[in-house]
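Report on the structure given below.
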Amino acid sequence: MMSGRTMSDLWPRLLAAFKRPLVWWVVVAEWEQGVRVRLGKSPTLLVPGIHFRIPFLDRVYVQSVRLRTIEDSGPTVTTLDGKVAVVGYALSFSIDDMLTFYQTMSTPEQTLTARASASIARHVSKQKSTDLDVDDIASVVDIGDTSGMGLSPVTADIVGLTVCRAYRMISSGYRSGVGINEMDGER
């Protein structure tokens, strides 16, 4: 017995699932681009409009090309004067060319945040904590040329900068892999 659903609710959904692979067209909206792949090769860019597809031979991928924003808490970096700086940032980008994007990128969010975090960490580690400036940090964020990835130029904004003292836990009997209760006779 199905919980909360009746057989009459199931039939329309089941029919739609069987009918979906048999559709001979795909509609790409104004704010989207698509890629059609026929028989696993020959990718074709689909711009907004109605496009023909051959069921079971074509796979179609459609993505929004609107502006996207990734926010990250950013790297934790030690400055020249031994203070810890945490830099939060936001990256904004959009997809310019869906075909190039699908052929070059797998995880764009991870790629862009890794590149941004690395450039921020390099810059902050060479500064004193008193010399850190939000606008200066934003200007040195280097993602690299994204046109070869099918993306628009990426803009970076610093959304948070925190500087604090670094504290180390000093203990005499701590060993890696040992719980805190097993230190120095507390067994």
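A short reminder: the numbers here are calculations on the coordinates, not readings from a lab. From a predicted model like this one, the values you see are computed outputs, not experimental measurements. Here Cβ is always computed from backbone atoms with ideal geometry, including for glycine, and neighbour counts include all displayed protein chains.
Remarks
- Whole-angstrom Cα spans of the chain along principal axes, big to small: 69, 50, 30
- Rounded to 10°, Cα long-axis angle of helix 108-125 versus longest principal axis of the chain: 20 degrees
- Inter-site label distance for D131 and A118 at 7 Å from Cα along Cβ, in nm: 2.4 nm
- Three-way shape call for the range 1-105 based on the alpha-carbon gyration tensor, with the a/c threshold at 1.5: oblate
- Helical mean residue ellipticity (222 nm; -39500 (n - 2.57) per DSSP H run of 4+; nearest 500) of the chain: -7500 deg cm²/dmol
- Longest segment of the chain lacking GluC sites (Glu not before Pro) that sit in a DSSP loop with at most 12 other Cβ atoms within 10 Å: 31-185
- Once exposed loop chymotrypsin sites (Phe, Trp or Tyr not before Pro) are cut out (DSSP; at most 14 other Cβ, 10 Å), longest piece of the chain: 57-166
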